[in-house]
Amino acid sequence: MTTARLALVSLLLVSLTACVNQTVKTSSVPPLERPAQAAPESALLDVGVLVFDPGLDDYDEDQQVYPEVRKAEARFMPRLLAEAMQNSGAWGAVRVVPSDRQAVDLLVRGRIVASDGETLELHITASDARGAEWLDKRYKANASKYAYAPSTRNSYDPFQAIYHLIANDLMRYQESLTLAQREDIRLVTELQFARSFSPEAFDGYLKANRKGVMEVRRLPAEGDPMLERIRSIRERDQLFVDTLQEHYGHFSGEMQVPYQEWRKMSYEEAIALQELQAESRRNLIAGGAAILAGIYAAGSSDRSSRAAGNVAIIGGGYLLKSGLEKRAEAQIHVAALEELGMSLEAEITPQVIELEDRTVMLSGNVEEQYAQWRELLADIYQAEVGLLEATPSTSNP
């Protein structure tokens, strides 16, 4: 290898160790779409946004995923989606629900695919009470560093665009349905709720068609006393879920400030980590190339080439050492993020429920408390039906 070639290698090393180009990604927030005309109350669909799947089942340990943060996000993000849908004016009640056992006209599920302050990716599915699929789509957005500026970060979420896009897609699907179809969905919801408490009495009212979509085959008689009991039980269930909204709202309020700070720092750490990893790779590649070139030149018969080769070996060793040090520095950033994530675990205190004849305490997390509540509702329903059946019918003499 000649001196000229070694000079070319040195020039290549300089170019490889040049400063990093940072790409700032932004995403505009689309406006919320609203229905073309207001629907009658009988056709307003109630929506349940299920607590998200945090996406921890199959994540790679090498990824920047922090379980404590993800579990908190899984409760925080559905609240933002529910608020966006409610603000569109296209729906009845939009609630965050802890279980898919909740009888709703439209159930929205979500899984967090990626979330690190810089990027958010969600997989959203939605289906109505009939079992008809409305949505199965991935949404991805990138936050700009300006989204975390004090002047803007309090006015909207850095990833508000995702929630508006989801709300708009669901609203467009609903607009494609006739009022009769929406009313049919509401009827299926009621009959499914009734069947979950009394399968024997309400099993024959619904049947799946060839596509697996539930259809109403017959209706209960007007004034059916068992259906009236079911409606009373369902009202209590909805009231309980309404109280859970206070919990989700309180949790979101408490989480807002530390979570936004974490996302801001996570964004900065993610950008810094990318720069460090890129610099580390360049230094390792450049160092390896320099050492190989130096070894080749050191064996040359030309004295100046051998001298230049020795310099290249020394320089390459320095670049390799620098690359390894950069990787160690990157791990410090990862440790800092993990420490931040440890502070975002969510707990729920026991709830005391006052009923007509007793006081019940529900304990555990939200999902466990809701499961206990459903069992309690089943007991209440059976007791009321038992009293109804035990009451003798009266007739005029």
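The values are calculated or read from the model by the stated rules, or taken from the named source; none is laboratory data. Everything numeric here is computed off the predicted structure, so don't read it as measured data. Reconstructed Cβ throughout: ideal geometry from the backbone, glycine too, with neighbour counts over all protein chains shown. We work out accessible area using only protein heavy atoms, side chains counted, and drop any ligands, DNA or RNA first. Shrake-Rupley method; radii C 1.70, N 1.55, O 1.52, S 1.80 Å.
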Would you mind calculating the relative contact order of segment 102-233 from Cα pairs under 8 angstrom and at least 6 residues apart, reporting the percent as a whole number? 19
Rounded to the nearest 0.05, what FRET efficiency do THR243 and VAL213 have when you use their Cβ-Cβ distance and R0 = 51 Å? 0.95
Cα centroid distance between segment 222-236 and segment 237-253, in Å? 24
To the nearest Å², the heavy-atom accessible area per residue of segment 64-148 with 1.4 Å probe amounts to 32
Which of the three applies to segment 161-202, rounded, prolate or oblate, going by the alpha-carbon gyration tensor with a ≥ b ≥ c and a/c under 1.5 meaning rounded? oblate
A 1.4 Å probe over the protein heavy atoms gives segment 203-267 a carbon and sulfur accessible-area percentage of 51
Report the accessible area of TYR173, computed with a 1.4 Å probe over the heavy atoms of all protein chains in place, in Å² rounded to the nearest 10. 70
³J(HN,Hα) across segment 232-242 via Karplus (A = 6.51, B = -1.76, C = 1.60, θ = phi - 60°), whole Hz, x for Gly/Pro? 5, 5, 5, 4, 5, 4, 5, 5, 5, 5, 4
Residue-ordered couplings for segment 183-191, obtained by feeding phi - 60° into the Karplus form 6.51 cos²θ - 1.76 cosθ + 1.60 and rounding to whole Hz (Gly and Pro as x), are 5, 5, 4, 5, 5, 4, 4, 5, 5
